[in-house]
Amino acid sequence: MKNKQLWKSLSACALATVLVAGCLTGCGKEPANNEATSESKVASEQSTETAQPTEEVKEIVELTYWSALDANTQASLTSFNDMEMLKVAQEVMSVDIDFTHPASGTETEQFNLKMTNLNLEDVMEYSWGSYPGGASQAIADGIIIDLAPYIEKGYAPNYKKILDENPHIAQQVTTDKGEIWAFAPISLNSVDVTAGYIIREDFLKEVNMESPVTIADWEAVLTAFKEQLGIEKPLTLQTGGLIGVNSYFAGAFDTYPGYYLRDGKVQYGYIDDNYKEYLTTMAKWYKDGLIDQDVFGNDTKTVSNNILTDKSGAFFGYIGSGIGTIMTNAKETNPDLSLIGTSFPVMKEGDVAKYMPYSWNVKAGGQAAITTKCPEEKIEAAMAYLDYWYSEEGSLLKNFGVEGLSYNMVNGEPQYSDEVLKNPDGLSIAHALGKYTRASQATVGLIDRRYYEQYYQIPQQVDAMNLWNANTAPAIEVKLPSIAPSEADAEELAGLNAALNTYVQEESTKFIMGLRGLDEFDDFVATLKNSYNVERALEIQQAAYEAYISK
Amino acid sequence: MKNKWKNLKREMKKNRQLYFIVLPVVLFYIIFRYGPMYGSIIAFMDYRPAKGFFGSDWVGLKHFSKFFNDTYFLRVIRNTILISVYSIVFSMPAAIIFALLINEIRNSKFKKTVQTISYLPHFVSLVVICGMLKEFLGSDGIITSIFSFLGGERKNLLMVPEYYKTIHVASGIWQTVGWNTIIYLSAMSSIDQEQYEAADLDGAGRFAKMRYITIPCILPTITIMFIMKLGQVMSVGYEKILLLSNTANREAAQVISSYVYDLSLGASYPQYSYSSAVGLFTSVINLLLVTLGNKICKMLNGSGLW
């Protein structure tokens, strides 16, 4: 009897302990951080006295770090805290970083929420250029700090060297006031076009045709696919590939659905006469069944499936996830399937394609900024850590991971090991790279061309890379740089753009589906001008562009 | 007044255990339901996170008038109300009829099986459901095939604005009908069995019993459910809309909540104040509808929510 009672009270005690422990682990982080602050205070006081990197054993500085977790990394890791090469970097730089990640797909949402409660990490990776009012406003609002004075102090020698040697890169991370807001992902002599139109080479051979170059070629090829091979939806795309960001068929008509540049003036492609020509052609293709009839309901998965199951012969996709993944997946079920990149469509043979998914040397996403929440005494350590990724050693670590694990040195060149290329756990190359490196991700550091060359394992991928990157200079003429209107303008522009985007997309959809005749195109443009105030939007963009080029 | 206060104090002392038990719930409502209401004031400000609640400028009703003059104002209001009304008109009777049918099943094993199977879709993630819908409604999907076999045109049904609301509401009914029967079934189980026995003696058949006993007895429950649904007329969830809408059907699919999402959380330039104003506006309408619905129900059949 007594025993039973004792047992009862014991188990109650045990339960209570578990509960309390549960509560404690929930909020256990705080005290640890506070301790670290006082420790690092001592450390940085010492180092500022000498103002030289000290040889003595540095104390570990604890930092918090907010960053999106790449989809490829998610395949095997739940946090960057578990990534080997990041652990190595932290050891080298004597820092201890605690990573926090927003749930994938909700990055913008989470960032916006963070801005409302100002619960910031010491370092945050984000596309800071898209902060309302631009990065300069983020500094003015006291969200992030201006790095320029610290770079002047010599806290980031490697990064400074790159900015000094490449003024056009410096321009992309400097505000009108000369502030530097972030350590940005930079590609030097790397690959800047990784997407384009991809076509089934085996189908081309079957109909005995060359890879299409002009719009007329495309029409002939797609028609042949449909009539001779019975391909159900010869060209499969998503909405963005027809009337949005990835619509490079419009380039053949010398326009682009969205904002672009012509002779130093910002243009809104949807009101171009050329856009009408483009829509006319697309509406015809849609009516003739050359374009996938489900195009506006498609997502990436349906597009890949259409290609894999021989329903489609051409699409817009990436070298990695398009050519690479689909060809790998098709190896067993459809061994004949071969995908090649085509040059960007032009109107006449010999025209130079200007419109392509070119991405700037400085990538917009994943720019690491130091926030105002980072205590003054930790800034030096944070700067040093971020700067490390621009050194030769750090760059190798970022792109290739830890030597002996994910790469080996072969004749003085890094070479991915079998752990990456033929992962024993069955990870695809992209997933393995996501586990061991941050090569494919927009993040602080340099993007190495050698990563692309080795990542693209299939000859067709290398061909596409070379074809698409052969002449990217014309893209700079038409591509709008990441400009930032002033705060008040940015709010107005956001409102205008929200309404404009909805309208132009819905109406373009109707034009292509034939629900609205193209003789009404002038009404469409008139509505954009009268009811949607497109001219005001262009005015704001133009002012912001001029401020950008004058800095 | 003072007396009342004293009474309350004595009462609380007497039943302090009960008050202690209810305390967490009260706190929950104060902290997580009433507290955030304070944030609604940003609807009357030009809210900038960096300036905070107290530093942002007051702008009065600017954002409300902006919403009323918005190009898409009528469209989002119309879509929201229509989707809500269709859901109420079709999904409530569906659940009630289904509950009546289940109630008539005498074999308890069969009854349990039917119930369990009908609950299952409720537990499937909306993302999965929408993924399936996209697949089925594509130009070569199974539903489209049946549709074209019955004489419809073969095309992607999600790209036809006229069909969107039907798809939205019908898939909603499929997903929730079983789950929604629970409350009606529990109301039916509390009906006094003697009434049925008396009806048997009078020679009433199954339909007569259903009509004259079961339905009148669950009428209060139906009323309560109806009033509660009225309180959500203006708030159609955005998740399904985001997953199913595209540029071809958006004119029929865009509702207030998805519009607010696009403006605030989904945008690179979040318009906090504007979207709060829209949210506040819908909440006020919802409140009005509940109050009105309650009054009308009380007038008609004497039972209401309060």
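The values are calculated or read from the model by the stated rules, or taken from the named source; none is laboratory data. Not measured: the values here are computed from a predicted model. Quick reminder, even Gly has a Cβ in these numbers, built from the backbone with ideal geometry, and neighbours come from all protein chains shown.
State all residues of region B:134-164 that are among the charged types (D, E, K, R) and in contact with a Gly (Cβ under 6 Å, 6 or more places away or on another chain); if no residue qualifies, say none.
B:Glu135
Restricting attention to region A:534-547, and to residues there that are out of contact with any strand residue (DSSP E or B) (no Cβ under 8 Å at 6 or more places or on another chain) and surrounded by 18 or more Cβ atoms within 10 Å (Cβ to Cβ), which single residue is modelled with the highest pLDDT? Quick ask: steps written out before the conclusion?
Let us first name the residues in region A:534-547 that are out of contact with any strand residue (DSSP E or B) (no Cβ under 8 Å at 6 or more places or on another chain), namely A:535-536, A:539-540, A:543-544, A:546-547.
Narrowing further to those that are surrounded by 18 or more Cβ atoms within 10 Å (Cβ to Cβ): A:540, A:544.
Working: A:Ile540: 94, A:Ala544: 90.
Restricting to residues being out of contact with any strand residue (DSSP E or B) (no Cβ under 8 Å at 6 or more places or on another chain) and surrounded by 18 or more Cβ atoms within 10 Å (Cβ to Cβ), the top hit is A:Ile540.
Hey, any hits in region B:234-246 for a residue that's within 14 Å of chain A (Cβ to nearest Cβ) and either on the phi > 0 side of the Ramachandran plot or hydroxyl-bearing (Ser, Thr, Tyr) (or both)? Write out each step before concluding.
To start, the set of residues in region B:234-246 that are within 14 Å of chain A (Cβ to nearest Cβ) comprises B:238-239, B:241-246.
Remaining after also requiring either on the phi > 0 side of the Ramachandran plot or hydroxyl-bearing (Ser, Thr, Tyr) (or both): B:238, B:245.
So far as region B:234-246 goes, yes, one or more of its residues are within 14 Å of chain A (Cβ to nearest Cβ) and either on the phi > 0 side of the Ramachandran plot or hydroxyl-bearing (Ser, Thr, Tyr) (or both).
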Over region A:83-102, the set of residues more than 17 Å from A:Lys435 (Cα to Cα) and assigned to a loop (DSSP other than H, G, I, E, B) is A:Met93, A:Ser94, A:Pro102
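Quick test for you: out of A:Ile199, A:Ile231, pick the one residue that is farther than 30 Å from A:Glu453 by Cα and among the β-branched types (Val, Ile, Thr). Talk me through it step by step, then tell me what you get.
Details: A:Ile199 fails: farther than 30 Å from A:Glu453 by Cα.
Sole residue among the options that is farther than 30 Å from A:Glu453 by Cα and among the β-branched types (Val, Ile, Thr): A:Ile231.
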Which of the residues belonging to region B:98-125 are out of contact with any helix residue (DSSP H, G or I) (no Cβ under 9 Å at 6 or more places or on another chain) and β-branched (Val, Ile, Thr)? B:Thr113
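What about A:Phe316, is it in a strand (DSSP E or B) and of a type outside the set (S, T, N, Q)?
Numbers: in a strand (DSSP E or B): yes; of a type outside the set (S, T, N, Q): yes.
Criteria met by A:Phe316.
State which residue is farthest from B:Ser171 (Cα to Cα) when the search covers only region B:103-119 and only residues that are within 23 Å of the chain's Cα centre (by Cα) and surrounded by 12 or more Cβ atoms within 10 Å (Cβ to Cβ).
Of region B:103-119, the ones within 23 Å of the chain's Cα centre (by Cα) are B:115-119.
Cutting the leftovers down to surrounded by 12 or more Cβ atoms within 10 Å (Cβ to Cβ) gives us B:115, B:118-119.
Values: B:Gln115: 18, B:Ser118: 13, B:Tyr119: 14 Å.
Residue satisfying both the conditions and the ranking: B:Gln115.
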Candidate set: region A:513-528, residues that are within 12 Å of chain B (Cβ to nearest Cβ) and more than 13 Å from B:Ala248 (Cβ to Cβ); chosen: the one surrounded by the most Cβ atoms within 10 Å (Cβ to Cβ): A:Leu528
Checking the conditions here, which among A:Ser531, A:Ser486, A:Ser550 is within 12 Å of chain B (Cβ to nearest Cβ), hydroxyl-bearing (Ser, Thr, Tyr) and either within 30 Å of A:Ile162 (Cα to Cα) or surrounded by fewer than 21 Cβ atoms within 10 Å (Cβ to Cβ) (or both)? A:Ser531
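Do we have B:Glu135 as within 14 Å of chain A (Cβ to nearest Cβ), surrounded by fewer than 18 Cβ atoms within 10 Å (Cβ to Cβ) and in a helix (DSSP H, G or I) here?
Working: within 14 Å of chain A (Cβ to nearest Cβ): yes; surrounded by fewer than 18 Cβ atoms within 10 Å (Cβ to Cβ): yes; in a helix (DSSP H, G or I): yes.
So B:Glu135 passes the test.
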How many residues, within region A:391-425, are among the polar types (S, T, N, Q), outside any strand (DSSP E or B) and in contact with a strand residue (DSSP E or B) (Cβ under 9 Å, 6 or more places away or on another chain)? 4
Take region B:49-84 and flag every residue that is closer than 18 Å to B:Asp262 by Cα and surrounded by 16 or more Cβ atoms within 10 Å (Cβ to Cβ). B:His63, B:Phe64, B:Lys66, B:Phe67, B:Asp70, B:Tyr72, B:Arg75, B:Val76, B:Ile77, B:Asn79, B:Thr80
Which one of these does A:Asn306 not meet: (1) within 14 Å of chain B (Cβ to nearest Cβ); (2) crowded, with 21+ Cβ neighbours inside 10 Å; (3) not in a helix (DSSP H, G or I)? (3)
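Going by the conditions given, is A:Lys114 within 14 Å of chain B (Cβ to nearest Cβ) and in a helix (DSSP H, G or I)? Can you show your working first?
Values: within 14 Å of chain B (Cβ to nearest Cβ): yes; in a helix (DSSP H, G or I): yes.
The answer is yes for A:Lys114.
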When only residues in region A:136-161 that are part of a helix (DSSP H, G or I) and β-branched (Val, Ile, Thr) count, which is farthest from the other protein chains (Cβ to nearest Cβ)? A:Ile151
A:Lys510 vs (1) more than 14 Å from chain B (Cβ to nearest Cβ); (2) over 30 Å from A:Lys177 (Cβ atoms): all pass except (1)
Checking A:Lys301 against (1) more than 14 Å from chain B (Cβ to nearest Cβ); (2) without any contact (Cβ under 8 Å) to a residue 40 or more places away in the chain, which single condition isn't satisfied? (1)
Looking at this structure, is B:Glu251 within 11 Å of chain A (Cβ to nearest Cβ), of a type outside the set (Phe, Trp, Tyr) and in a helix (DSSP H, G or I)? yes
Residue set A:Gly133, A:Gly105; condition crowded, with 17+ Cβ neighbours inside 10 Å, assigned to a loop (DSSP other than H, G, I, E, B), among the small types (Gly, Ala, Ser) and within 14 Å of chain B (Cβ to nearest Cβ); output residue A:Gly133
Which residue pairs have Cβ atoms under 7 Å apart, sit 6 or more places apart or on different chains, and have a first residue in region A:167-182 that is under 12 Å from A:Gln137 (Cα atoms) and a second that is of a type in the set (Ser, Thr, Tyr) and assigned to a loop (DSSP other than H, G, I, E, B)? A:Trp181/A:Thr175
Can you name every residue in region A:220-229 that is surrounded by fewer than 17 Cβ atoms within 10 Å (Cβ to Cβ) and closer than 18 Å to A:Pro345 by Cα? A:Ala220, A:Thr223
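Working carefully through the options A:Leu120, A:Leu113, A:Leu147, find the one that is closer than 28 Å to A:Leu77 by Cβ and modelled with pLDDT of 90 or more. Break it down into steps so the answer makes sense when it comes.
Values: A:Leu113 fails: modelled with pLDDT of 90 or more; A:Leu147 fails: closer than 28 Å to A:Leu77 by Cβ.
Of A:Leu120, A:Leu113, A:Leu147, the one residue that is closer than 28 Å to A:Leu77 by Cβ and modelled with pLDDT of 90 or more is A:Leu120.
Quickly run through region B:192-230 and pick out the residues that are more than 26 Å from B:Lys295 (Cα to Cα), free of Cβ contacts under 8 Å to residues at least 40 places away in the same chain and surrounded by 12 or more Cβ atoms within 10 Å (Cβ to Cβ). Let's see the steps before the verdict.
Start the filter on region B:192-230 by keeping residues that are more than 26 Å from B:Lys295 (Cα to Cα), which leaves B:192-210.
Then keep just the ones that are free of Cβ contacts under 8 Å to residues at least 40 places away in the same chain; that gives B:192-205, B:207-209.
Result: B:Gln195, B:Tyr196, B:Ala198, B:Ala199, B:Ala204, B:Ala208, B:Lys209.
With the condition being within 14 Å of another protein chain (Cβ to nearest Cβ) and more than 16 Å from A:Thr116 (Cβ to Cβ), I'd like the helices (runs of 4 or more DSSP H) fully within region B:19-89 carrying at least 2 qualifying residues.
Values: elements: B:52-55, B:62-68, B:73-86.
Hits in region B:19-89: B:62-68, B:73-86.
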Quick check: is even one residue across region B:146-157 out of contact with any Leu (no Cβ under 9 Å at 6 or more places or on another chain), among the hydrophobic types (A, V, I, L, M, F, W, C) and within 17 Å of B:Gly237 (Cα to Cα)? no
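Among the residues of region B:264-306, write down those that are hydroxyl-bearing (Ser, Thr, Tyr) and surrounded by 18 or more Cβ atoms within 10 Å (Cβ to Cβ).
Initially, region B:264-306 is screened for residues hydroxyl-bearing (Ser, Thr, Tyr), giving B:264, B:268-269, B:272-276, B:282-283, B:291, B:303.
B:Ser264, B:Tyr269, B:Tyr272, B:Ser273, B:Tyr274, B:Ser275, B:Ser276, B:Thr282, listed by residue number.
When residues of region A:286-303 are filtered for being assigned to a helix (DSSP H, G or I) and buried (at least 21 other Cβ atoms within 10 Å of the Cβ), how many remain?
Looking only at region A:286-303, we keep the residues that are assigned to a helix (DSSP H, G or I), and these are A:286-287, A:295-297, A:300-303.
Of the ones still in play, those that are also buried (at least 21 other Cβ atoms within 10 Å of the Cβ) are A:295-297, A:303.
Residues meeting the conditions: 4.
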If A:Ile97 passes every condition in (1) within 14 Å of chain B (Cβ to nearest Cβ); (2) modelled with pLDDT of 80 or more but one, which one does it miss? (1)
Residue that is surrounded by the most Cβ atoms within 10 Å (Cβ to Cβ), among those in region A:230-243 that are within 14 Å of chain B (Cβ to nearest Cβ) and assigned to a loop (DSSP other than H, G, I, E, B): A:Leu237
